[in-house]
1. Normalising by the residue count of the chain, find the relative contact order in percent from Cα pairs under 8 Å and 6+ residues apart.
2. Let a ≥ b ≥ c be the square roots of the eigenvalues of the Cα gyration tensor of the stretch 89-129; is it rounded (a/c under 1.5), or, if not, prolate (a/b larger than b/c) or oblate?
3. If you average the sequence gap of Cα pairs under 8 Å that are 6 or more apart and divide by the length of the stretch 40-119, what percent do you get for the contact order?
4. How much length is gained on full extension from SER130 to LEU142, taking 0.36 nm per residue of separation minus their Cα-Cα distance?
5. Test of understanding: what is the full-extension gain from HIS54 to HIS38, defined as 0.36 nm times their sequence separation minus their Cα-Cα distance?
6. Once the Cα gyration tensor of the stretch 1-87 is found, what semi-axes does its equivalent ellipsoid get, as square roots of 5 times the eigenvalues, in whole Å, sorted largest first?
7. Given ILE95, VAL131, ALA61, which one lies farthest toward the positive end of the charge dipole of the chain, if we put +1 on the Cβ of every Lys and Arg and -1 on the Cβ of every Asp and Glu?
8. Quote the FRET efficiency, to the nearest 0.05, computed for ALA150 versus ILE92 with a Förster distance R0 of 41 Å and r equal to the Cβ-Cβ distance.
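Read-outs throughout are calculated quantities, based only on the coordinates presented, and are distinct from any laboratory measurement. Note that the coordinates shown come from a computational prediction; the quantities given were computed from them, not determined experimentally. Positions of Cβ are backbone-derived with ideal geometry, glycine not excepted, and every protein chain shown enters the neighbour counts.
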Amino acid sequence: MIIFLIYWLFFLFFQSVSIYGGDAGDLVTAAYVGGIAHPPGYPLYSLLGFIASHIPFGTVAWRVGLLSSTAAAGTLYMVYLIMNRLTRSRLISFISGALLASNYLLWLYGVVPEVFALHLLLISISMYVSVLYYFRPQIKYLYYLVFILALGISHHHLRCV
């Protein structure tokens, strides 16, 4: 859990306190008023953003951005857990997460109110549950995986080409 806090403080240090640009204004407004953002609406993000936007401190944009920072830190923590399960090395696991944290797009979407950090969190959780199932095939992991994938579909649209 200390690893998560380290990553979370990293994103909080750089977090935007106002509307960054792009879809941020639409997403923050929809989250704050309990509305629907532009299509596909991002229902999971809007619901979690509504909860986050009513925290009693900071600007509304900062509060909704807190959702992105928490999701980005959670993604890095999931990478740490996946790598720790695969390599059994805490150092390699931490370095793997730190290298991913240095990726510009992950960093950017972790410090502004955007939907992509939450999407990455759901993907990384599904990967971690898949790794758990690989090492110990139990039906409960399949149930967890289906639940996380369903949350992912309720959050972000998927395109089939």
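1. On the way: 239 pairs, mean separation 42.0, N = 161.
Reported as a whole number, the value is 26 percent.
2. Working: a/c = 3.58, a/b = 1.32, b/c = 2.70.
Oblate.
3. Numbers: 88 pairs, mean separation 28.5, N = 80.
The normalised contact order for the stretch 40-119 reaches 36 percent.
4. Values: separation 12, 0.36 × 12 = 4.32 nm, distance 0.80 nm.
That pair, SER130 and LEU142, stretches by 3.5 nm at full extension.
5. Working: separation 16, 0.36 × 16 = 5.76 nm, distance 2.11 nm.
The span from HIS54 to HIS38 would gain 3.6 nm if fully extended.
6. Numbers: eigenvalues 137, 45, 23 Å².
Value: 26, 15, 11 Å, ordered largest first.
7. VAL131
8. Efficiency, rounded to the nearest 0.05: 0.80.
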